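Input: a single structure, listed below in structure tokens.
None of the figures in this text is laboratory data; all of them are computed from the coordinates on show. Here the structure is a predicted model, which is why all the values come from computation and not from measurement. Reconstructed Cβ throughout: ideal geometry from the backbone, glycine too, with neighbour counts over all protein chains shown.
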Amino acid sequence: MLWCAGFAVVTLLIGLLAPGWLRVFYASLVAFICLVESVISSVTILALSILEPAAAGDAANLSRATYLPAAAWGAFFTLFSLWCAKNAVAILFRSIWKRAEERRRSQNLPL
């Protein structure tokens, strides 16, 4: 619980006191950590649903409710999180490439 309070304090301080570039960096870092954790946790659920289906959390609960095996739900969670991560990274690099291209055009630099 202490780490959560510390994280909230750091986030508040950066939000109120930090320069714009540091706020953007911090927000990007937090978003990246959330993205990585979403993929890692879904892979963990997939592994649990294959090795120990009753311990697979949401996949186990959905398995009981829908009669689909927990491994199917684990695979769905993993595929969906990978799809979301792929799209998030594609959007990030598309915006970076667009800004770099605009900068080159404004300075009349060759590609």
Descending packing, highest mean Cβ count within 10 Å first, for 34-43, 95-104 is 34-43, 95-104
Cα-based Rg and Dmax for the chain, in Å, come out at 20.3, 62
The farthest towards the positive end of the charge dipole of the chain, of the residues SER81, GLN107, TYR67, given +1 on Cβ of Lys and Arg and -1 on Cβ of Asp and Glu, is GLN107
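Is there a quick way to get the dipole size of the stretch 29-106? I mean about its Cα centre, with the Cβ of Lys and Arg at +1 and of Asp and Glu at -1; what is the value in debye to the nearest 20?
620 debye
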Candidates LEU51, LEU29, LEU12; GNM for the chain (alpha-carbon contacts under 10 Å) flags as most fluctuating LEU12
Residue separation between ILE50 and CYS4 times 0.36 nm, minus their alpha-carbon distance, gives in nm 13.4 nm
In the chain, taking the dipole from +1 charges on Lys and Arg beta carbons and -1 charges on Asp and Glu beta carbons about the Cα centre, the listed residue (VAL36, VAL10, TRP97) farthest towards the positive end is TRP97
Dividing the helical contributions, -39500 (n - 2.57) per DSSP H run of n ≥ 4, by the residues of the chain yields a 222 nm value, nearest 500 deg cm²/dmol, of -30000 deg cm²/dmol
Among PHE77, PHE32, PHE93, the residue with the largest mean-square fluctuation in a Gaussian network model of the chain built from Cα contacts under 10 Å is PHE93
Longest principal axis of the chain (C-alpha) makes with the long axis of helix 2-17 (C-alpha) an angle, in degrees to the nearest 10, of 20 degrees
